[in-house]
Amino acid sequence: MRAILSTLFVILLLLSCEEKTDTTFLVTEDAIGKLDKISLARDLDIIYENDSIVRDSTYVNAANNSKRIKIYEKGGKKLLTLTPNSDSIPSIENIRIEDSRFVTEGGVGLNSTFKDIKDNYSIRKVITSMNNVVILLKDSDIYFTISKEQLPSSLRYASSVNIEAVQIPDDAKIKYMMVGWD
């Protein structure tokens, strides 16, 4: 009888254990790895205590905080470039994802293509600039930049042409992946 109870206890214990998902490199609406939407710039030393933080010394705002903050792994690989807002208590406003291990819940990251974006998200708007196109998503703070070098030559050199999503080749590679939190 004790063997049966012990076995049942072990089975119940295993069933009650919840499988944890590794979110170290997951990009969601409210978080990018360890950084979440409500994180304050002053807390970065705590959030990234096992990583290296480099603050831009060329521009210092009124609160004596660095304008750009780069996060590196201890091994030297660049993870993120953060830009805090200029509030009296700055939070993180813009994040440029530098490491290809960061992926969205849909599996889209820096190693993805435009087709991956189309297959996983609804595109709200395409903004054309001199050297790039920026892909804005519906209901998301995540946006992607694709170099015009990835486009057909007829679109690459035309500065006044507004490029539509249907004109971007499926195999166009992502140049930048960014998140803009309000």
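Bear in mind that the values in this text are calculations on the coordinates, not laboratory data. Keep in mind it's a predicted model, so treat the numbers as computed, not measured. Methodologically, a virtual Cβ is constructed for each residue, glycine included, from the backbone with ideal geometry; neighbour enumeration extends over all protein chains shown.
For q values of 0.11, 0.15, 0.16, 0.27 Å⁻¹, compute log₁₀ I(q)/I(0) with the Debye formula on a Cα-only model of the stretch 21-100, without solvent.
These q points yield log10 I(q)/I(0) values of -0.26, -0.49, -0.56, -1.55.
Taking N as the number of residues in the stretch 142-182, what value does Rg over Cα atoms divided by 2.2 N^0.38 Å take? Write down the numbers at each step before the final one.
Values: Rg = 11.5 Å, N = 41, 2.2 N^0.38 = 9.0 Å.
Here the Cα radius of gyration is 1.28 times the empirical estimate.
So which lysines pass the test for Lys78, namely a Cα distance under 21 Å, with those fewer than 8 places away in the same chain ruled out?
In chain and number order, the partners are Lys34, Lys37, Lys67, Lys70, Lys173, Lys175.
Expressed as cubic angstrom per residue, what is the convex hull volume of the alpha carbon set of the stretch 106-182?
87 Å³
Based only on other Cβ atoms within 10 Å, what is the fewest-to-most ordering of Glu49, Glu93?
On the way: Glu49 9, Glu93 16.
Ascending Cβ contact count within 10 Å gives the list Glu49, Glu93.
Ranking Lys175, Lys74, Lys115 by Cβ neighbours within 10 Å, fewest first, what do you get?
Lys74, Lys115, Lys175
Within a 10 angstrom radius of the beta carbon, how do Glu98, Glu73 rank from fewest other beta carbons to most?
Result, fewest neighbours first: Glu73, Glu98.
So what is the diffusion coefficient of the stretch 74-130 in µm² per second by Stokes-Einstein at 20 °C and 1.002 mPa s, using a Kirkwood Rh over Cα pairs?
It comes out at roughly 154 µm²/s.
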